[in-house]
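The values are calculated or read from the model by the stated rules, or taken from the named source; none is laboratory data. These numbers come from a predicted model, not from an experiment. Reconstructed Cβ throughout: ideal geometry from the backbone, glycine too, with neighbour counts over all protein chains shown. Heavy atoms of the whole protein, side chains included, go into the accessibility calculation; ligands, DNA and RNA do not. Shrake-Rupley method; radii C 1.70, N 1.55, O 1.52, S 1.80 Å.
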Amino acid sequence: MNCELLATCSALGCLEGDTYHKEPDCLESVKDLIRFLRHEDETRDVRQQLGAAQILQNDLLPLLVQHASDAQLFDAVIRLLVNLTQPALLCFGKVPKDPGERHHFLQVTSHLQAYKEAFANEKVFGVLSEKLYDLLQLDWEQRQEEDALLIERILLLVRNVLHVPAEPTEEKSVDDDASAHDRVLWAVHLSGMDDLLQFLACATSEAQWALHVLEVIALMLRDQTPEQLAATGQPRIAAQQDEDARELEALRQREMAERRSRLRQRGTRHSRFGGSYIIQGLKSIGDRDVVFHKGLHNVRHYSSDLGKPGARVPRHRQPPPDPTPRRRSARNVRLFLRGFCEDFLRSGFNRLMALVKEQLGRARAEDHDETFYLWALSFFLGFSRAHGFRAELVSEALSVSAFHTVEQQLRLCYEMMLIDKPQIPAWARRMHLALKAYQELLLSLQEMDQAPDPAVRRGSHVLKNNIFYVLEFRELFLTLFRKFNAAQQPRAFLRDLAGATHLFLRLLERFCRQRRSLVVQNKKQRRRKKPRARPTPASPSPTELDALWPRLEAQLQVCAQELPEEVPVPFDAAAETPVEEQRAQALARIQTGLVAGDAPHALALLRASREVWPEGDVFGVPDASLDDEIQLLQQILSAPLPRPAEAEVEEPEGGEDEEEDEDEELEAVRVSEKEFSFQDYLKRFACVPVLRAYGLLLRDYECNGPRTNHYVARMLQRLARGLGMPGLLCQLSLFSTFRRLLHDPAAPQELVTLAKYVVGKFFALVAANQKAFVELLFWKGVGAVREMTEGYGTHEPQGARRGPIWSEEEEEQLRQLYLEVKKRKDDDVIGHILSHLPGPARTRKQVVKHLVQLGLAHSAHDFPPPRKGTNIVLWTEEQELELQRLFEEFQGTDDILGNILRHLTARRSRARVMDKLLSLGLVSERKELYKKRRRKPGPGLDERPQDVTVAGRQEDEDEEGNMGEEEEEEEEGRMEAEVGELVPTGEAPELAQSLQQDGLTGPLLWLMTCLRRAATDRQQARLAQPVPLVPLSEENEDAMEEPRFQRLLRALGLRPPASEQESFWRIPAALSPLQLRQAAASIAQGDTRGLEPAEEEEEEAVGDMEQRAQAMCTLQLAQSKQLAPGATSSSPEQSPGSDSEWEDPGPSQPQPKRRRWLDSEEEDDLGSPAAEPAWGDPREQEPASGRRKHLHIEDEDED
């Protein structure tokens, strides 16, 4: 021992018999020891020297017992004892791996075990109890800070003593014998410390010690099991005796079977004359059969690995050992602990658990203190079940929040196992503890179902309803099975997981049987495609640029004074891109415009950029002439400017509703409800990870308990018999276990029956499918099992789009075609294969996927999809002449642009052809190139004409977005289907008339106004957007909730809220302005039949009907407002644009347009007088000033 440390210990005092004589400077010596411990090194040398000198047994404990009246000395000794008894794991931080450091760790642990023996003294705990009792008697006002610190130190000292691990090899105690831990507990009981712990648990003024008390209680009961503790002192029931008898009988039968097997293995001859045999059909290293040099009774155990050393498994891959079985404490200790648990449940369990949960939620606890909360849930819920379940005693734990807390801890432990690699064993133990707590919660729910009190049964029903509704609770066990790692988690965890899963499925199945239908929560993940960078188009060669420049120069000379009205913006102040990069991007945009042949746009962008960046004359001098600008543009065209690739906009995979808000589209998870099906939920367990986990449990059936074997048999029976898929269990490792079961006389009967059923089904399947023998080598899911039993290629996963099945002949043809095209080095390999591949039609993706499956290609990236259109950027003179000829040829057709694209020699996209037609001046606007749709003849609103503008714009947007052929067809089909659904039916006038008679004139007028406004906005903006109907008045809001009013909205083609994120009805984007006006007119007019006259008079009739409807609306509004007499009336006059205003089209101009000016009524001011109706011809009336506005509607001529 260090001389200074030895001198300090000698100055404490001496022990003479049972009396300890302290030295005058004893207090200073105790403080010096505390100071020495504070400055010890990494080997904890001071702690080891004090332990070897037995200072605690010979000096500190006698000082504590005999000189407790000295307050300062008592406080110092308590501080020193707390420091000396702290766990070795806290001293070293972790269990050392170095042999030298590990030796020091074991030395400190051995000293702590000697300290625990010394604390097994009633006098020591008696002094501590008396001091703690005196401190707790002080009121809150009288208690000082030193008193609170002393209370905490006493609790920490008790915690440290109880925490010292046991050493079974040193104690050499058996069950029902008193160990060191039992003796310490008995001293705690005799001193009355357990009563003080009960008081601290239930006292409202001592809430700050809740976690300390719970930790001490957990350490007191660490060697006990709740079932065994609850059964202490109780007579054994007949069921328990029968169970023990069955276990003993099973062990006896297994032992007798082993004895008979050994007798059969003994041959009648001498062992040296066992003989040699040849095993036919089993080849040795050469071509001959194996020669076996042992007796025939050993043939079944022959293996090629016989005599070879086993493969060494790395330490990090070895399965962790199961926890050691707990020994049974002495009977008197168990009786004391049983009474302690009963009192704790009656007085302090609910309150203490609430306090601990609150402190954990507010982050007032230390790291990993939640493990004591989980242990308390597991232990005391199990003790309550075994001791006569009473729900009111554990009501704090039986709540949805408790389930949520445990579920969150399970997920947290799994995530930390992935992150904190060095601490995987610790996180695995915490995860196992959380699983036990969750299992006890489910067992308590089962006890509540069997309670005689109907209120308790109703509470159980409410809890199960809430738990089964939430998706996370239902997916928990599936997730745990899928994430189970046998190299990181012990088999005990897997056994408890199987038991909890069995209990959860049984509760869920019974709950579903009691109800006709069960609605549960469903969450759908929105997967978004990764943004792909568009490849930068190849830059034109200098020769092509030289050939292009004369035409650009001619365009610049012509359009120099007549630039586009829309001035491009070269600079964005709100963008995060630096100013220098934006200037470079402006130069690149100018060059791109020149290469595309859009010289006016490039010149306008050059002048706008000059105004933004005048410094440096990068875009020319401020007063540059046209010649200087043309020369500068020529330099920009030939300059090697960088052209960065554009990124595609990230879009969701599925076809989402275009009318959702932007915030809703950014959500990652979409919550909805669906009807629950227990059979579909059970199919989720028919997956490889779950089957592999149950296979591990089945392999250890001899070590499992009867309950665990029952859980395994029940789950495998659900999958094999309940789902009708015995092929799920047709796996070689399972068959090996079945073989052991069938030859084991003591095997559980449930598992034997299951093995016979599965093996019988397998051999029945082999008669029809010889490939089933090969399937034994693999674990299989539902799809593979169906293909194995019903035929390969017959199963199609739900939601999957699979093409025709590939036959062997088609695969051979595909292989030959691929090799031929590969030799020719064709650019479009898949296109050539599709054109020459016989058989059913297939897509590019199907061919690429099968080429990868056949091993002819490494991945799908080896076959990049061809770009829609071509890489050609420049137009030659021959191509321009061909484009003009095709335009003149198909000018009078319904689909000008489509016919041109079909007959154009050089393949180009729709957008490029449209831009070229505009630059050549053949058309004045894009609308002239949209596809015209024929109107269907027939009266009424039921046969609605298609909107030319919307359809044409949709096709153009599809082409500009570079959509594939399949996506384009799906988009057009979806658009046409949506338009077809939105056609107003013929019952709208009758519904409007009925609602008007019931006094809903105001809401009807508001609805007509909204429809006309939407029509006006769409006609002016030429853009269709969904418009919500927002009722601002109470009358309109009540009408929107009326069922008949909603029926009218559906008849007009309006759409109800699509999901819970939408609150209002909407006017769909598919309705054209003409259809919206027809819908508004059908509200005000009782009969809309005969709405469409002959084709040449159609628009005139619609205009007349529109204005008559407006007059009716004015009359109804006047009647509803009860206008004062003398109100002035006004009538609309004939619109300035009529059918007589025609333009003579030129030979190369598109078909003329008919223009008509219609009047659209705005919402009237409540304070202004309404106009009187005019019953004459609406075209001959004067419009009231400020009451109407003119709408300019352009329709394509049908001829």
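Can you tell me how much longer the chain between residue 836 and residue 167 gets when fully stretched, taken as 0.36 nm per residue apart minus their C-alpha distance, in nm with one decimal? Could the numbers behind the result be given before it?
Details: separation 669, 0.36 × 669 = 240.84 nm, distance 8.00 nm.
Fully extending the segment from residue 836 to residue 167 adds 232.8 nm.
Take the alpha-carbon centre of region 504-518, take the same for region 456-478, and report the distance between them in whole Å.
Using only Cα atoms, the two centres lie 10 Å from each other.
For region 723-798 and region 894-925, compute the distance between their C-alpha centroids and round to whole Å.
63 Å
Please report the carbon-and-sulfur percent of the accessible area for region 666-822; probe 1.4 Å, protein heavy atoms only, DNA, RNA and ligands left out.
Numbers: 4330 of 8310 Å².
Ligands and nucleic acids excluded, carbon and sulfur reach 52 percent.
Rolling a 1.4 angstrom probe over the protein heavy atoms, how many square angstrom per residue are accessible across region 28-108? Before the final figure, lay out each step's value.
On the way: 3960 Å² over 81 residues.
I get 49 Å² per residue for this part.
Suppose R0 equals 51 Å. What FRET efficiency, 1/(1 + (r/R0)^6) with r the Cβ-Cβ distance, do residue 135 and residue 742 give to the nearest 0.05?
On the way: r = 68 Å, r/R0 = 1.33.
Once the sixth-power term is evaluated, E becomes 0.15.
Count neighbours as other Cβ atoms within 10 Å of each site's Cβ, and list the trypsin sites (Lys or Arg not before Pro) in region 994-1043 that are DSSP loop with at most 16 such neighbours.
On the way: sites: 1012, 1013, 1018, 1022; in loops: 1022.
Answer by residue number: 1022.
Modelled label-to-label distance, residue 753 and residue 426, 7 Å Cα→beta-carbon offset: nm?
Between residue 753 and residue 426, the simple spin-label model gives 4.8 nm.
Once you have a ≥ b ≥ c as the square roots of the Cα gyration tensor eigenvalues for region 669-781, tell me rounded if a/c is under 1.5, and otherwise prolate or oblate according to whether a/b is larger than b/c.
Values: a/c = 2.09, a/b = 1.33, b/c = 1.58.
In terms of gyration-tensor shape, oblate.
If the chain between residue 418 and residue 148 were fully stretched, how many nm would it gain, using 0.36 nm times the residue separation less the Cα-Cα distance?
On the way: separation 270, 0.36 × 270 = 97.20 nm, distance 4.06 nm.
Full extension of this stretch gives 93.1 nm more.
So how much slack lies between residue 618 and residue 524, counting 0.36 nm per residue of separation and subtracting their Cα-Cα distance, in nm? Intermediate results must be reported in sequence, preceding the final value.
Details: separation 94, 0.36 × 94 = 33.84 nm, distance 5.32 nm.
Separation in residues times 0.36 nm, less the Cα-Cα distance, equals 28.5 nm.
Collect residues whose amide H, placed 1.01 Å from N in the peptide plane, falls under 5 Å from the amide H of residue 522; neighbours closer than 5 in sequence don't count.
Answer set, sorted by chain and number: 672, 673, 674.
How many Å² of accessible area per residue for region 114-163, probe 1.4 Å? Present the calculation step by step, with values, prior to reporting the outcome.
On the way: 2520 Å² over 50 residues.
Here the residues of region 114-163 average 50 Å² of exposed surface.
Given labels modelled 7 Å from the Cα in the Cβ direction, how far is it in nm from residue 638 to residue 905?
Using points 7 Å along Cα→Cβ, the separation is 2.9 nm.
Carbon-plus-sulfur fraction of the accessible area of region 830-927, 1.4 Å probe, in percent? Kindly include the intermediate steps, with their values, before the conclusion.
On the way: 2770 of 5330 Å².
Result for region 830-927: 52 percent of the exposed heavy-atom area is carbon or sulfur.
Compute for region 332-432: radius of gyration divided by Kirkwood radius, i.e. Rg/Rh, restricted to C-alpha atoms, rounded to two decimals. Walk me through the intermediate numbers first.
Details: Rg = 15.3 Å, Rh = 15.0 Å.
Ratio of gyration radius to Kirkwood radius for region 332-432: 1.02.
Collect residues whose amide H, placed 1.01 Å from N in the peptide plane, falls under 5 Å from the amide H of residue 13; neighbours closer than 5 in sequence don't count.
23
Would you rank 3, 91, 202 by solvent-accessible area, highest first, keeping every protein chain in place and using a 1.4 Å probe? Spell out each step's value before the answer.
Values: 3 100, 91 5, 202 50 Å².
The ordering from most to least exposed comes out as 3, 202, 91.
Through the Karplus equation 6.51 cos²θ - 1.76 cosθ + 1.60, θ set to phi - 60°, convert the phi angles of region 301-318 into ³J(HN,Hα) values in whole Hz; use x for Gly and Pro.
With coefficients 6.51, -1.76 and 1.60, one gets 9, 6, 8, 5, 8, 5, x, 8, x, x, 5, 7, 9, x, 5, 6, 9, 6 Hz.
Quickly work out the residue 57-to-residue 252 label distance, labels modelled 7 Å from Cα along the C-beta direction, and quote it in nm with one decimal.
A separation of 4.8 nm, rounded to one decimal place.
Would you please give the residues with an amide H less than 5 Å from that of residue 1027, counting only those at least 5 places away or on a separate chain, with H modeled from the backbone geometry?
1067
Which GluC sites (Glu not before Pro) in region 1-76 pass both tests, a DSSP loop state and at most 11 other beta-carbon atoms within 10 Å?
On the way: sites: 4, 16, 28, 40, 42; in loops: 40, 42.
For GluC sites (Glu not before Pro) across region 1-76 that sit outside H, G, I, E and B with at most 11 neighbouring Cβ atoms in 10 Å, the list reads 42.
From the C-alpha gyration tensor of region 449-514, pull out the three semi-axes of the equivalent ellipsoid (sqrt of 5λ each), sorted largest to smallest, in whole Å.
Values: eigenvalues 161, 36, 17 Å².
So the three semi-axes of region 449-514 are 28, 13, 9 Å.
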